[in-house]
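This report refers to the structure that appears directly beneath it.
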Amino acid sequence: MMKVLRVTAAAGATLGLMAAPALAQDAAPGVSPEIKFVFNTMLFLVGGTLVMWMAAGFAMLEAGMVRSKNVATICAKNIGLYAIAGLMYWAVGYNLMYDGVDGGWIGSFTWFDHPAHADEDITYAAASSDWFFQMVFCATAASIVSGALAERIKLWPFLIFCTVLTGVIYPIQGAWKWGGGWLNEFGFLDFAGSTLVHSAGGWAALVGALILGARLGKYSASGRVTPIPGSSMPLATLGTFILWLGWFGFNGGSQLALGTLSDAADVSRIFANTNTAAAAGVVAAMVLTQVLYKKVDLTMALNGALAGLVSITAEPLTPSMPMAVLIGAIGGAIVVLTVPLLDRLKIDDVVGAIPVHLFCGIWGTLAVILTNPEASLVAQLAGIAAIGAFVSAASLVLWLAVKYAIGLRVSEEDELTGLDRSELGLEAYPEFGVTAPAHVS
Amino acid sequence: MMKVLRVTAAAGATLGLMAAPALAQDAAPGVSPEIKFVFNTMLFLVGGTLVMWMAAGFAMLEAGMVRSKNVATICAKNIGLYAIAGLMYWAVGYNLMYDGVDGGWIGSFTWFDHPAHADEDITYAAASSDWFFQMVFCATAASIVSGALAERIKLWPFLIFCTVLTGVIYPIQGAWKWGGGWLNEFGFLDFAGSTLVHSAGGWAALVGALILGARLGKYSASGRVTPIPGSSMPLATLGTFILWLGWFGFNGGSQLALGTLSDAADVSRIFANTNTAAAAGVVAAMVLTQVLYKKVDLTMALNGALAGLVSITAEPLTPSMPMAVLIGAIGGAIVVLTVPLLDRLKIDDVVGAIPVHLFCGIWGTLAVILTNPEASLVAQLAGIAAIGAFVSAASLVLWLAVKYAIGLRVSEEDELTGLDRSELGLEAYPEFGVTAPAHVS
Amino acid sequence: MMKVLRVTAAAGATLGLMAAPALAQDAAPGVSPEIKFVFNTMLFLVGGTLVMWMAAGFAMLEAGMVRSKNVATICAKNIGLYAIAGLMYWAVGYNLMYDGVDGGWIGSFTWFDHPAHADEDITYAAASSDWFFQMVFCATAASIVSGALAERIKLWPFLIFCTVLTGVIYPIQGAWKWGGGWLNEFGFLDFAGSTLVHSAGGWAALVGALILGARLGKYSASGRVTPIPGSSMPLATLGTFILWLGWFGFNGGSQLALGTLSDAADVSRIFANTNTAAAAGVVAAMVLTQVLYKKVDLTMALNGALAGLVSITAEPLTPSMPMAVLIGAIGGAIVVLTVPLLDRLKIDDVVGAIPVHLFCGIWGTLAVILTNPEASLVAQLAGIAAIGAFVSAASLVLWLAVKYAIGLRVSEEDELTGLDRSELGLEAYPEFGVTAPAHVS
């Protein structure tokens, strides 16, 4: 059947394609449990695949934002952390987050395996699809850390941190809410992880940045800030587009069900709101940098998109479209206004991960109360504070342990030469002449 | 169940997996309205996500085809236009295109919002999924413009043009056909937008290129054409692959339904034809440039893929596979033959957007009559002419208004220095030595 | 409905979302043949789209691993081979592989076309979706060849080889197993193509590398190996992430069915095992290169991911998660240990395609016997040997025929200048200063 007309909702109703009341009544008989199972499983697999792709997005964003002498190392960190997350979330994380949490603080220390027989896949979606979907969220939290700490942290210490982050720290705080733990019972709401994924990664990054210190030459003793431009704006742009794309899986998949009219409509609202918030973040950042600095700042525009995305992540379903615009635009503004703040505090965050993921993660978590009547300010603040305190404390202990055991930071000489030579013994772009000014050489 | 055999259609029938006549009879009882709703919504969401990804494809293609001094600006334009399209198509465009057009010329000036309750999603797919799918098409039209006008148009004037293009111009002409307006009643056929998206963008680009004029140094007074090579062939190649990938969503999703055997089979034909036309476009462009110029031209091969894709877009369903080959190959040839033509007319189109999207869009729209018995040459010509006239006239007014209000083109000095410094105050590749010959310095 | 809890399998059962025994009994009535048809078709279309994207992955991986003077040519080869595969698999390959093989050696020499009417789509999925899915596998085999032979093979001879490979060689050996031919009857198992796709491409690459000889300067007469670093590590990393992403379609789609609880659960196991094997391959390669060479080798880490993916491809369904880790880790180790072996034999494989696709393809094919009780060592060895012998012999004849007819290798002068100038007459990065050391100039 060839269609010659795109039928809109209204037109569809006019054409009598489907009668609403009848459909609503028929919802239950219309979709058998097995069909729902297939739809829900597909949502996890397709959504999870999109979120997996975000690992490439972070890699490209960060590869574009660091200097060329550190590009190969950031690539190694990103593929390494994604691999480690995949193994740790199998060996420890998943069951620690989901197995028998039951209102408590922690699950079980057992590894995940596929159910032995298909009949044991006795729930609303395949167990392995759920594992896959949750695993890529865990990897995302680690990806957030790599960008903030780029250009001075050694490869293995970073990967060791990621091992514990993805195997233990992320899953424990995840258990509190998504595993059905105490925060969930307290009424804390975080639909797709503004706090559980983005702020969690942001806290780990912030503590790491404080312990590591700034890159050489970034801040002078007198307080002057030297901008250190990234090596490739198109790669940074590509990374942002990849993340934007992946976020449809991140937020849309977090509906966790697709097998009914109601769920499909909800996933659709989530897609529309997610895109709208990101768009508003971009425009807000472009306009604001134009007003403040008389020029659009491309890296702010890119971070504006991510800011909008993080901001809508705690509640992508209940906002109306104008509210999604507002939530995203405020996110974009937060990034533009807080990046200089971090610089004033001499906290060196190479890609802006802390403003984007931590600050906008907090904003997004608070913004739930604007549109979701089930949310309470107290519960939202409790969740932000509890997870912030736990991740910060655990990260602090872990960063310090790694630091005193094997060291975190490359030598000054290696930092000047670039991590690609010292950590990997190669160059990311061996044939391209480097013409960087002295201060970033 | 582990499968050890890939069963082909024929083998499947042999194995008695399904009896055809019985199935055909059971089609109606086999899929409930609610299940169809979920399938159709999924088609819009997955297809729309692929089309969203095309925004990244245009960004990479264009970033690879401009000189390094203008790369960051083209990235800013591309993420900016996608964001603006997302906001304008919410605030104005969608309802202007689809709400109450009813055989007429224009819809309503109201914004789109999600239905208040899921029960109001009373049609064959979720309203918000339809909005999302239509929005990314609108963004595509704007993406086409950015490439043609690269390397000399200022950032904000371009974005202002995109604001009106995506909010008003694109939706009005879209209403004529896909909104059920007068062109639809006249019998004009355009399955996925060879005219409504690609030619529309192409006309806006052509008028813009005429008003802007060519880049400095491109055409000498004596008529000599100086090629200006793009800065990164791998990014241009990546962009082309992204666009090819996204086109499966563009054409496949335009079936607008997936919930029956017939629709699923149609979407499959569309995928196969879409890929085949693109492949034929590549091979035609490679062979033709080899014959004409004694060397394969990579940028022509890439544009050949896009030419094949644009050409099959007006009718990706009814062609047989050999016809898809023919339609795509002619598209590839059109690009190879018309790029020099534009140069002879001193119309400077940086990425070849006008040949690819406008000329092949016209060809594809005419080619509908080759395979679709419902098409008439008169109606196809009427659609091409009406939309060409409207978009050209509206673009002309808009380009001139912006030009006289705030100016369109950067100063000669800024153009020589590069837009990245003048428009954004940064460099796309700050560390890579520039070794361009004098004429492109 | 907003969810505040991510329900795990166990929790879902507790909540009584679905009763397992009842569901198992209801499986047949729960999903009508038409709905299964739609699900299966979707699996082919979505999975095939992901595999299509792998063509871009190979392009980026190879563009990053060659020197900048050969980057545009490798891009042209990759888009060219994908286009050719699409045409040849339509014109010859598909029916040669699937039409009437019936326990034999070869199908029919007829082209594929869409069924004339939707009712003739009388099997478990749309015929055109199956064509699309199989076509992208065929293209993958050709992609494997391009990387190994980069930097010295001429463009057209390579594309001519691909024409025969994708039209005839790949389909014939594919017919033996997936077309239901003699190897299938013999009990050979290869779920998604460790042998049929990856080893097949690997054998063609190996024979080509032997005939072509090494790049100038790679091996000295005294046996010294000169590393020739790739031009862009971020592009190589991007390519690897793209391939990893695409592999979910490659392996997951090879389940060939999604319309039942059992199939959806199986596809989910495949996703989880595929990711796990890749992750294990990365970690194994990173640890092993650290131990052997005192530094992590990024290109080995990237190839480790691909090694894990190839290794799990022959049997991604039956392994438990720990077995997937083992299979992938051994794959990663194979690559690290055999890359130097090839160098000792002076076989110059630019991207490591032979270790990754051929050696790990063999390993993965043998590893089937570890987890699938239906597998036999004899049958697996027979499949490996038969396909290895056929593809090698056919490739040998074809490579030699092309060599003596029109030549395979560029002149020494052109190789030193770079293929981009000699084959295409352009440069991939015309503006970036080249600072390569003398031996790679």
> Across segment C:50-78, what is the total count of residues that are part of a helix (DSSP H, G or I) and either charged (D, E, K, R) or more than 7 Å from chain B (Cβ to nearest Cβ) (or both)?
Replying inline: 16
> From the residues in segment C:114-142 that are at pLDDT below 95 and of a type outside the set (A, V, I, L, M), which one is surrounded by the most Cβ atoms within 10 Å (Cβ to Cβ)?
Replying inline: C:121
> What is the residue count in segment B:159-185 for residues that are within 13 Å of another protein chain (Cβ to nearest Cβ), part of a helix (DSSP H, G or I) and buried (at least 24 other Cβ atoms within 10 Å of the Cβ)?
Replying inline: 8
>> Can you tell me which of (1) touching a residue at least 40 places away in the same chain (Cβ under 8 Å); (2) out of contact with any Lys or Arg (no Cβ under 9 Å at 6 or more places or on another chain) is the one residue C:110 doesn't meet?
In response: (1)
> Which of the residues belonging to segment B:243-269 are over 19 Å from residue B:189 (Cα atoms) and either part of a loop (DSSP other than H, G, I, E, B) or facing chain C (nearest Cβ under 7 Å) (or both)?
Replying inline: B:245, B:248, B:258, B:259, B:260, B:261, B:262, B:264, B:265, B:268
> Given (1) touching a residue at least 12 places away in the same chain (Cβ under 8 Å); (2) more than 14 Å from every other protein chain (Cβ to nearest Cβ); (3) assigned to a helix (DSSP H, G or I), where does residue B:346 come up short, assuming only one miss?
Replying inline: (3)
> In segment B:200-230, how many residues are surrounded by 24 or more Cβ atoms within 10 Å (Cβ to Cβ) and over 14 Å from residue B:147 (Cα atoms)?
Replying inline: 1
> If you scan segment A:270-292, which residues turn out to be at the interface with chain B (Cβ under 7 Å from one of its Cβ atoms) and over 20 Å from the mean Cα position of the chain (by Cα)?
Replying inline: A:283, A:286
>> Can you tell me which condition residue C:149 does not meet? The list is (1) surrounded by 24 or more Cβ atoms within 10 Å (Cβ to Cβ); (2) within 12 Å of chain B (Cβ to nearest Cβ), and all the others hold.
In response: (2)
> So is residue A:132 in contact with a Gly (Cβ under 7 Å, 6 or more places away or on another chain) and of a type in the set (Phe, Trp, Tyr) or not?
Replying inline: yes
> Within segment B:199-208, is even one residue within 22 Å of the chain's Cα centre (by Cα) and not in a helix (DSSP H, G or I)?
Replying inline: no
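If you take the residues of segment A:366-425 that are aromatic (Phe, Trp, Tyr) and buried (at least 16 other Cβ atoms within 10 Å of the Cβ), which of them is farthest from residue A:210 (Cα to Cα)? Write out each step before concluding.
At the first step, the residues of segment A:366-425 found to be aromatic (Phe, Trp, Tyr) are A:390, A:399, A:404.
Right, trim to buried (at least 16 other Cβ atoms within 10 Å of the Cβ) and you get A:390, A:399.
On the way: A:390: 17, A:399: 10 Å.
Only one residue fits best here, namely A:390.
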> Listed residues A:195, A:276; which is touching a Gly at 6+ places or on another chain (Cβ under 7 Å), part of a helix (DSSP H, G or I), β-branched (Val, Ile, Thr) and over 23 Å from residue A:136 (Cβ atoms)?
Replying inline: A:276
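Which of the residues spanning segment A:398-441 are among the polar types (S, T, N, Q), modelled with pLDDT of 95 or more and in a loop (DSSP other than H, G, I, E, B)?
The one that is among the polar types (S, T, N, Q), modelled with pLDDT of 95 or more and in a loop (DSSP other than H, G, I, E, B): A:411.
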>> Checking the condition modelled with pLDDT of 95 or more, crowded, with 24+ Cβ neighbours inside 10 Å and out of contact with any Cys (no Cβ under 8 Å at 6 or more places or on another chain), which residue from C:335, C:291, C:282 passes?
In response: C:282
>> Going by what's in this entry, would residue A:255 be described as of a type outside the set (Val, Ile, Thr) and out of contact with any helix residue (DSSP H, G or I) (no Cβ under 6 Å at 6 or more places or on another chain)?
In response: no
>> Can you tell me which of (1) part of a loop (DSSP other than H, G, I, E, B); (2) crowded, with 24+ Cβ neighbours inside 10 Å; (3) polar (S, T, N, Q) is the one residue B:318 doesn't meet?
In response: (2)
>> Of the residues A:367, A:379, only one is over 19 Å from the mean Cα position of the chain (by Cα) and over 17 Å from residue A:143 (Cα atoms); which?
In response: A:379
>> Of everything in segment C:86-137, what is more than 19 Å from residue B:371 (Cβ to Cβ), in a loop (DSSP other than H, G, I, E, B) and more than 7 Å from chain B (Cβ to nearest Cβ)? Give them in sequence order.
In response: C:100, C:101, C:102, C:103, C:104, C:105, C:106, C:107, C:108, C:109, C:110, C:125
>> Can you go through A:183, A:149, A:235, A:159 and tell me which one is farther than 26 Å from residue A:427 by Cα, of a type in the set (A, V, I, L, M, F, W, C) and in contact (Cβ under 8 Å) with a residue 12 or more places away in the chain?
In response: A:183
>> Looking only at segment C:279-315, how many residues end up being free of Cβ contacts under 8 Å to residues at least 12 places away in the same chain, part of a loop (DSSP other than H, G, I, E, B) and touching a helix residue (DSSP H, G or I) at 6+ places or on another chain (Cβ under 8 Å)?
In response: 2
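Select from segment A:192-233 the residues that are hydroxyl-bearing (Ser, Thr, Tyr) and closer than 30 Å to residue A:271 by Cβ and list them in ascending order.
Across segment A:192-233, the qualifying residues are A:194, A:195, A:199, A:232.
The values are calculated or read from the model by the stated rules, or taken from the named source; none is laboratory data. Everything numeric in this text was worked out from a predicted model, so none of it was measured. We place every Cβ from the backbone using ideal geometry, glycine too, and count neighbours over all the protein chains shown.
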